[in-house]
Amino acid sequence: MRILFTLMIFLGFCTSAMYAQRTVTGTVLDPAGEALIGANVLVQGTDVGTITEIDGSFSIGVPAGSSILVISYTGFETQEVDVSTRSQIDITLNEGELLDEIVVTALGIEKEAKSLGYGIDQIDGDELTRARSDNVINALQGKVTGVSITNTSGNLGASSKILIRGATSLSGNNDPLFVIDGIPMNNDQIASNSRIAGSRDFGSGASVINPDDVESMSILKGAAATALYGARAAAGAVIITTKRGTSSKSGNAQVSINSSYRLDDLFVVPDYQQDYAQGSLSKYDSSAIGFDWGPRNVGQQVSALPVTGQPGALTRVEDNGIKDFFKTGFSAINNFAISDGNEKMDYRVSLGALNQTGILPGASLDRYNVSLNAGVTHSPMLKSRFGIQFIKTDSEGTGASGANDPNIISVASFSSTVDPAVYDPWIDEAGNQINAATPTSNNPLWIRNENRNERDDSRVLANMSLTFTPLDRLAFTAKVGYDFDNDNRLITNRKGTAQRIDGDFRIDKFNNTQVNTDIIGTYSMDVSDDFSVAALAGFNYNKREFEREGLTATSLLVPELFAPGNAEQTVPNRAFSEQVLFGAYGSLDFTYKDYLTVTVTGRNDWSSTLPANNRSYFYPSVSTAFVFTDALGLDGSGPLSYGKLRASYAEVGNDTGPYQLDFNFFPITTATGQYGLNVNFPFAGRLAFSKGNTVPPENLLPERQKSYEVGADLDFFDYRLGVDFSYFRTENVNQILALPIPQTTGFGSLLTNVGQVNTTGFEFTIDATPIRTKNLTWNTTINFSKADTKVAELAEGVDRVLLASAFNSVQVVAVAGGGFELLGIPFLRDTISGRPIINPNDGTRLAGETRTFGSVLPDFTMGFVNNVTIGPVSIGATVDWRQGGIIRSSSVEALQGSGLVTETLINREGTFLDTEGVIDNGDGTFRDNDVPLVSSQAFWGSLNDNSIAEAYIFDATFVKLREIAVTYSFPQSIINKTFFSNLSVGLEARNVALLYSKVPHIDPEASLFGAGADGFGVERASVPSTRSLGVNIRATF
Amino acid sequence: MNFTKIFALSLLMLFTVSSCDEALDINTNPLVASAADPNVVLPFVFVQYSNRHVTELGTRMMDVPQHFSACFNSPRGGNTSSFLTGNTWNMFYTQVLGNLVLVEEDAIEAGASSNNINAIAKVLKALSFFELSSIWESVPFTEALDGATFPSPQFDDQETVFRGSVALLDEAMALIDAIPDASVNVSSGDLIYGGDMSLWRRYANSLKIRILMMIRNRDTSVDSQLSAAFSQPVIDDNTQAALVRYFDTPAESNAYNRLVEAFFGIGNETQGVYAPGEPLYDLLSEAEDPRLATLTVDPDGNGSPGNGTFLPFGAGAGAVISENVIRNDVPHILMLPSEISFYRAELTLQGVLSGDAQSAFDTGMAQILSFWGGQIPGARVGISTGAIDAFIGGLPSLASLGQANALTTVHEQLYLESFLRPIVAWNTVRRTKVPALDPPPGTTISTILKRFNYPPNEVASNPNTPANDPTDTPMWFEN
């Protein structure tokens, strides 16, 4: 594949097909005569277009038969210029009465932003590739209001959890719908193991998109925005439009190359202590790696150094050697695209390659994207488009997190006295593990090099559409889309791995398929000079199919042979589900005098997953946009340049998963036990069946979400300052939930319609251009998002519902009258002083009654985006601030409990008095704690006694310098002497710095559950996240 | 207009997605069954009950009756975590009882030919409710397992649950006595006795005696029931022991050993994960009981690491539970004949039963010594018959001890006999107070653990759940 890619780039340089077309050149200026950089120049009625250079110049090949250029620029009036008799023009755009911004809305319909009655954010593809993330979703971080994106780990290709306007659903429908070129695509994150025990994050479905292929991403936030998509977009939608073919300035085929090379290293290094060696109770123990409660390290001689067992002097290893153990990751991100277009056809072929090695030894990821996007204008009445993307992802060495898996390597796995170099080599000639700390622990290099975590994923996203325009204002479009994902995983433990001593492997293969068809008719009509109507009617068919097969094999004979016949015990598994949804929808836009638009929509769905009598459900929406500056005839001479008010109300219905309605017996392969100590069926040759644990529903209704939104777009001072504000509220009722019922009924849950979740919030964007001169432009944007999720009611008598369960007695629960909160065991506290009560027998803190500790969701998020252009240099920086929410960190628990970090240096010698504590005098009074623990080791080790979680629950607030990009664009004066039409080089950095955090030692963004579950707020042995620094070169010719 | 034709054709094709309703009628899972034979449901019940029992109660709370010195995530200090309580409760009510009640309903519907299945379901129900009440005291019984009628089941007091369990066992025995010649074959589904209903009858009657002994601690009016039960067949030979067998294959092995291997390495004797509790170790070693060598290994004679204490790292640090016990194929023991023999000795000493207490006691001793000394399936260490006879012969006679000491001796043997059965052992020490157990160091309660707290899920979903008593509050049966 790499060779093919190189070949394509080579061929690209050779390709510069010549077409005889007329070239028009010119300059675009503002009224002050300053050059407008990046203005759009388009040949009317075609897809031929270009953008202006840094000096405002452009050059465009105008196909024969075309004569009108359309020049547009945000904040300026669009102009049409007849060039039939001219080949050189200078155009001055007037600063905008009309904000002609076109955005992509539901079903891929482009609308003028001013006509929308709901909030929408659109991000240009350039923004996504400026400081490239390997996951396109991450590139939105900090840039869009109402959207929170959480990186879950530092694994290559790891998933990111995306929430639009907060969490609104108890039933897990909190993930937005991803739509690419009008076709829904799956963003599923499917776990091969338990999400908490040895979880491997192999990424989520949408992360395969090549950022270089993206023309724009629209974030549809409210239900009114997504009403035509229906249920699946109840949590918002991300509408991705891929790039289409355009010709170069000279009218020839356009080739563009974008290459980044990037180094990744650890983003956060724990504040390790170096003063005390490994061991326990101040006694050195060569086997106690990752447990630094030994003696003070003064370079003393010991009879056995760790791992080697040789006598020698203890050394202090900086940062416990993790900077040596974790490698410098390397990423090469290359994209090559060729495109062309004229009035008859357009196409773009793109080849992307992402080749990465991770910070974990042995981790790598290779992704290749091949895409074609093409369109043909068959006649004035008939157009067709088709697109196909083939994406191949191969990854190796994905790290495990959670617990109960020998492959977990966390920041607490290292001691201050062990140089990781001693682990090499990890295997002898006979294939035995060597250089492990003890016979019962694993050499981390063995884990990384001998145990496999492989994924081989093939994805096809294809779409085709036909548009038939029999009349000028009447059009019919039929779209068919297909999303196919074939995912193959192999997870192995080599024989000789401690804790999996006999070796095992797991094969997990699945196909995830989605077929989507839309047929849409549109008609628009001017009823009078002032009043127009646009109508849309459509029909949707959507089918999703999931098929999975796999095998778990234990106890291998031949170490590296992963065949079922080589295992003493094999358990196959198989799963299948399918669901179908039909939808009929329509919308009417009424526009009065171009400043008042009222949009009414309705959709009826028929779902296969609901009972036959309730499977049909209808939901409406209404939204309105009022450009009051136009209505009042404000000419922009005052401070207010533009003002729009908007309001919307929408309802959305939602179905449930397949196969929820019947009572069944399930064939069982596993009898579960504590600590994952399961046994398998057939057991003693016997098969096993069990009833399901959920009582099926009697008369299940569709879920219903109601949402309200009001907002305003205001621009001041000739569009130099913009404010966009939204207030929203959603009420999610009739949630379809497996409601916990008393297990004493014989069942654990009852599937039913229950509860209500209200999410209220507001968001605003302030966009300012404080400086705009010929050589210097400074644009700054602040976006602020707040969403409060409130569980208004659960079922009668039910106080809380489990959303996700983790280890150590912490659960993420929805609390009636509260939010999504972390439940765990606190310290027992004196109710008056609030101080922890100490056990008078041993000086440890006592455990209190299980309680919730607060919301796991942020209070607000804020992004601060700055772009400065100084002549040919542009500098961009994004700061990302998350305020509030809590996280329970088991990594911190391990670092502190094992004496690895600096706070454990206090009172290392002698006894340890917990001065925060009080002792119950037994008469209702308390005294300051006077019972010391025997050692600081005992203190730090006792904080989680009796599963107490409180000591490791932190405020998850953070401020990160998310990205910096510096780009130098070669001036046209130099470019003109080359065959390039554009050439720029840049420096890019992501996750540059953690500016503020209340969680010690780790990245506060880490999450155990990955993107596939609503498990926020829990971290356990996560793969450390990375900081990236890279260079970028991009060229167009 | 060629293209118009193509377009029209395309539209037509899109609309020929059969009829809507037909396309929507696909909501039936092809990989599940709407009904299941008891011969496949019962194996799930047996194995799930056993594996959860071993991993949750066994590996976590053998230190409560102090048979082990310390267990991971143990409730010995008075705090019963939500996972321990939740997993155990869930296993009993939804996985075991929830399936058993369906098996029972099907068997009732099928009539007398399914009496055997009906009886097995009832015996296992009785066992489950008895154990649930032994752990939590008041638990739903009369209103349990019928969510349609009782969405929030009331909790019944312990006496009701215990007596109700006895009644279930009586029903089961009556059903067994009425099994017709043409019966459903349950040999495959019955993982304990392979469908031998005469052994189920012995087990049911023996289980009834175990429960009546608990009730008797509070109410001696059950003495006549006990007398009657002892006149019926009981488990009286190790070949009749109620066992769930495990195997030396990777995914069919007993979890005590899998825990050691999964988290530490090969062999408890090397890893020292489980060490004997002091009372157990001391009783055996002071009596020079030959069982000591079958249950423990202690090369350097350092003894138990002490109450609530794990062994320090390193070989020879102290006594460990032997690999004769902690091995892949050690069975999960539900009941041994020795327990019934010792009850017989106890009741004879107290004049409830007529006969010879010494003989019953000696029988019990011989049964338990020969069980650990070779009759347990897969035994690795043996005790010769001669050694067993010599040991029993060397014990002072009960008569020579006087009534009180004789009773204590029987209770001590009941305590030792209950090894590897955490609920039975816990019941025994709470019922007899023999041996007197000190609370472990660092405990938050005044005695050894006496009960579990109710699991948070039940508390949250069932308003009838009683408030939790402190976990050192004795239960009804404890006088």
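The values are calculated or read from the model by the stated rules, or taken from the named source; none is laboratory data. What you see is a predicted model; the values in this text were computed from it and never measured. Cβ coordinates were reconstructed from backbone atoms using ideal geometry, including for glycine residues, and neighbour counts include every protein chain displayed.
Structure values in brief
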read-out	value
From the options A:Gly761, A:Gly722, A:Gly748, residue that is within 14 Å of another protein chain (Cβ to nearest Cβ) and not basic (Lys, Arg)	A:Gly748
Strands (runs of 3 or more DSSP E) within the range A:634-735 that include 1 or more residues more than 30 Å from A:Asn174 (Cβ to Cβ) and in contact with a Ser or Thr (Cβ under 9 Å, 6 or more places away or on another chain)	A:640-654, A:665-667, A:703-716
Verdict on B:Thr249 being of a type in the set (Val, Ile, Thr), part of a loop (DSSP other than H, G, I, E, B), under 23 Å from A:Gln674 (Cβ atoms) and within 13 Å of chain A (Cβ to nearest Cβ)	yes
Criterion violated by A:Thr744 - all others in (1) in contact with a strand residue (DSSP E or B) (Cβ under 6 Å, 6 or more places away or on another chain); (2) modelled with pLDDT of 95 or more; (3) not small (Gly, Ala, Ser) satisfied	(1)
Strands (runs of 3 or more DSSP E) wholly inside the range A:952-1004 that include at least 3 residues being within 20 Å of the chain's Cα centre (by Cα)	A:958-969, A:982-997
Selection status of B:Asn115, more than 7 Å from every other protein chain (Cβ to nearest Cβ), of a type in the set (S, T, N, Q) and crowded, with 23+ Cβ neighbours inside 10 Å	yes
Sole residue being surrounded by fewer than 21 Cβ atoms within 10 Å (Cβ to Cβ), small (Gly, Ala, Ser) and in contact (Cβ under 8 Å) with a residue 24 or more places away in the chain, chosen from B:Gly277, B:Gly272, B:Gly267	B:Gly267
Which listed residue, of B:Leu145, B:Leu191, is in contact with a strand residue (DSSP E or B) (Cβ under 9 Å, 6 or more places away or on another chain), closer than 28 Å to B:Val47 by Cβ and either surrounded by 24 or more Cβ atoms within 10 Å (Cβ to Cβ) or touching a residue at least 12 places away in the same chain (Cβ under 8 Å) (or both)	B:Leu191
Number of positions in the range A:817-841 that are within 14 Å of chain B (Cβ to nearest Cβ), of a type in the set (A, V, I, L, M) and not in a strand (DSSP E or B)	1
Members of the range A:898-930 that are in contact with a Leu (Cβ under 8 Å, 6 or more places away or on another chain), among the hydrophobic types (A, V, I, L, M, F, W, C) and within 19 Å of A:Phe827 (Cβ to Cβ)	A:Phe912, A:Leu913
Selection status of A:Tyr541, farther than 30 Å from A:Asn678 by Cα, away from every other protein chain (no Cβ under 11 Å), surrounded by 19 or more Cβ atoms within 10 Å (Cβ to Cβ) and out of contact with any helix residue (DSSP H, G or I) (no Cβ under 7 Å at 6 or more places or on another chain)	no
From the options A:Ala792, A:Ala814, A:Ala787, A:Ala804, residue that is part of a strand (DSSP E or B), modelled with pLDDT under 85 and away from chain B (no Cβ under 11 Å)	A:Ala804
Yes/no for A:Ala738 being within 14 Å of chain B (Cβ to nearest Cβ) and crowded, with 17+ Cβ neighbours inside 10 Å	yes
Residue ID - surrounded by the most Cβ atoms within 10 Å (Cβ to Cβ), chosen from residues in the range A:213-241 that are within 19 Å of A:Gly387 (Cβ to Cβ) and in contact with a Lys or Arg (Cβ under 8 Å, 6 or more places away or on another chain)	A:Asp213
Condition met for B:Asp438 (among the acidic types (Asp, Glu), assigned to a loop (DSSP other than H, G, I, E, B) and more than 23 Å from B:Phe130 (Cα to Cα))	yes
From the options A:Arg244, A:Arg262, A:Arg232, residue that is part of a strand (DSSP E or B) and among the charged types (D, E, K, R)	A:Arg262
Condition broken by B:Asn79, with the remaining ones in (1) facing chain A (nearest Cβ under 7 Å); (2) more than 23 Å from B:Glu278 (Cα to Cα); (3) at pLDDT below 95; (4) more than 15 Å from the chain's Cα centre (by Cα) satisfied	(2)
Selection status of B:Ile108, free of Cβ contacts under 8 Å to residues at least 12 places away in the same chain and either touching a helix residue (DSSP H, G or I) at 6+ places or on another chain (Cβ under 7 Å) or not assigned by TED's automatic domain parsing to the domain that holds B:Pro43 (or both)	yes
Complete set of residues in the range A:895-912 that are outside any helix (DSSP H, G or I) and surrounded by fewer than 18 Cβ atoms within 10 Å (Cβ to Cβ)	A:Ile906, A:Asn907, A:Glu909, A:Gly910, A:Thr911
Residue list for the range A:654-676, restricted to those being out of contact with any Phe, Trp or Tyr (no Cβ under 9 Å at 6 or more places or on another chain) and within 26 Å of B:Leu84 (Cα to Cα)	A:Thr672, A:Gly673, A:Gly676
Answer residue from the range A:446-477, given it is surrounded by fewer than 21 Cβ atoms within 10 Å (Cβ to Cβ) and of a type in the set (A, V, I, L, M) and is farthest from the other protein chains (Cβ to nearest Cβ) among those	A:Val460
Sole residue being more than 14 Å from every other protein chain (Cβ to nearest Cβ), at pLDDT 90 or above and crowded, with 19+ Cβ neighbours inside 10 Å, chosen from A:Val627, A:Val679	A:Val627
Qualifying positions in the range B:82-112 - touching a Ser or Thr at 6+ places or on another chain (Cβ under 6 Å) and more than 7 Å from every other protein chain (Cβ to nearest Cβ)	B:Phe92, B:Val96, B:Ala107
Some residue of the range B:223-230 being buried (at least 19 other Cβ atoms within 10 Å of the Cβ) and either touching a strand residue (DSSP E or B) at 6+ places or on another chain (Cβ under 8 Å) or hydroxyl-bearing (Ser, Thr, Tyr) (or both)	no
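Conditions tested, residue by residue: (1) over 30 Å from A:Ala738 (Cα atoms); (2) in a loop (DSSP other than H, G, I, E, B); (3) in contact with a Lys or Arg (Cβ under 6 Å, 6 or more places away or on another chain).
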| position | (1), (2), (3) |
| --- | --- |
| A:Asp126 | yes, no, no |
| A:Asn135 | yes, yes, no |
| A:Ile149 | no, no, no |
| A:Ile162 | no, no, no |
| A:Ser169 | no, yes, no |
| A:Phe178 | no, no, no |
| A:Asp188 | no, yes, no |
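One line per residue, one yes/no per condition, for (1) over 23 Å from the mean Cα position of the chain (by Cα); (2) of a type in the set (A, V, I, L, M); (3) within 14 Å of chain A (Cβ to nearest Cβ):
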{"position": "B:Leu437", "(1), (2), (3)": "no, yes, no"}
{"position": "B:Thr443", "(1), (2), (3)": "yes, no, yes"}
{"position": "B:Val459", "(1), (2), (3)": "yes, yes, yes"}
{"position": "B:Thr465", "(1), (2), (3)": "yes, no, yes"}
{"position": "B:Pro470", "(1), (2), (3)": "yes, no, yes"}
{"position": "B:Trp476", "(1), (2), (3)": "no, no, no"}
